[in-house]
Amino acid sequence: MSSGTESTLLKSMVEVPTGTFRMGSDRFYPEERPVREVPVDGFWIDRHPVRVAEFRRFVKATGHVTWAEQAPKAADYPDADPELLVPGSLVFRKTSGPVDLTDYTNWWTWTPGADWRHPEGPGSHVGGRERHPVTHVSYSDAVAYADWAGKSIPSEVEWEYAARGGLEQAVFTWGDEFAPKGRMMANTWQGEFPWQNLRLDGYEGTSPVGKFPPNGFGLYDMAGNVWEWTVDRFEQQAIGSCCAPQRDDAGERYPRHVIKGGSHLCAPNYCLRYRPAARQTETVDTTTSHIGFRCVVRVG
């Protein structure tokens, strides 16, 4: 890689130094345990999640058709309603009041025609949301973008190390207090999920990247806004997802990967996962209105 090409590639990225950190947490969910010392080689990481405008340039340059824009194969989803085997994605719908939190269908709706261009389904669009994180992207969509950009998808270790921003075992990417001096530090859900969003952070859904303070490494939106894909398989016994439906029929056709960071749908009464140690499992074919990604470059 020439120096000119490298400087262009790294222009919107932040260098994260080689180091060792204590990964995980013993204070919250079982899948975050145990806390362990982990070494990390230095790398570069996107300053913010990949935005709609950046993903649009990728699609224009390559003609890429995202997973959500393709009809699911009946053989892969034998129990699905044939009428639903059309291009689409999962869209969050706020409920009118309290609901059973063990039933995700109360707030997740399979929506034909929903994709990265139409985040809420037909009739919606991303005009005016060019600086928002792109959503409705599967793991393969994220990998395709990263390959085109000359980058990679981060490992879980890289992602968590970067998210901590040099703070050793802090609860959040900015420290231990959720809202220091009353200031909202990330785009999360305030109120009772999934019906009461107080919007103390100013947003109902996704927010433009960079609207909240960066962490100690100068990285934005490492907590909340959108979940982010990592390259790692989720090797533990599958856990119930707090934010998107989990299928037991996917098998090895669609392995589970770790996603990190939480989203604007994470709330203390349901999903306290807008923390660097938090992790979630999603099958790689999952596309939703709250999952995005960012990229890394490993130099050396």
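Descriptive notes on the structure:
- Residues that are in a loop (DSSP other than H, G, I, E, B), closer than 18 Å to Leu272 by Cβ and touching a residue at least 24 places away in the same chain (Cβ under 8 Å) within the range 14-39 comprise Gly24, Ser25, Arg27, Phe28, Tyr29, Val35, listed in sequence order.
- Leu200 being closer than 16 Å to Asn225 by Cα and assigned to a loop (DSSP other than H, G, I, E, B): yes
- Of all residues in the range 172-192 being more than 21 Å from the chain's Cα centre (by Cα) and at negative phi, the one that is most open to solvent (accessible area, probe 1.4 Å): Arg183
- The range 62-80 - residue that is of a type in the set (Asp, Glu) and at pLDDT below 85 and, of those, farthest from Asp285 (Cα to Cα): Asp79
- Selection status of Thr206, under 18 Å from Pro49 (Cβ atoms) and open to solvent by less than 20 Å² (accessible area, probe 1.4 Å): no
- Considering each residue of the range 114-133 in turn, none proves to be closer than 25 Å to Pro268 by Cα, among the hydrophobic types (A, V, I, L, M, F, W, C) and in contact with a Phe, Trp or Tyr (Cβ under 8 Å, 6 or more places away or on another chain).
- Gln169 vs. criteria open to solvent by less than 20 Å² (accessible area, probe 1.4 Å), part of a loop (DSSP other than H, G, I, E, B) and more than 13 Å from Ala223 (Cα to Cα): no
- Summed over the range 235-266, residues that are in a loop (DSSP other than H, G, I, E, B), surrounded by fewer than 24 Cβ atoms within 10 Å (Cβ to Cβ) and at pLDDT 90 or above total 1.
The values are calculated or read from the model by the stated rules, or taken from the named source; none is laboratory data. Please read these numbers as outputs of a predicted model, since none were measured by experiment. Ideal geometry is used to build each Cβ from the backbone, glycine not excepted, and the neighbour counts take in all protein chains shown. Keep in mind that these areas ignore ligands, DNA and RNA; they rest on the heavy atoms of the full protein, side chains included. Shrake-Rupley method; radii C 1.70, N 1.55, O 1.52, S 1.80 Å.
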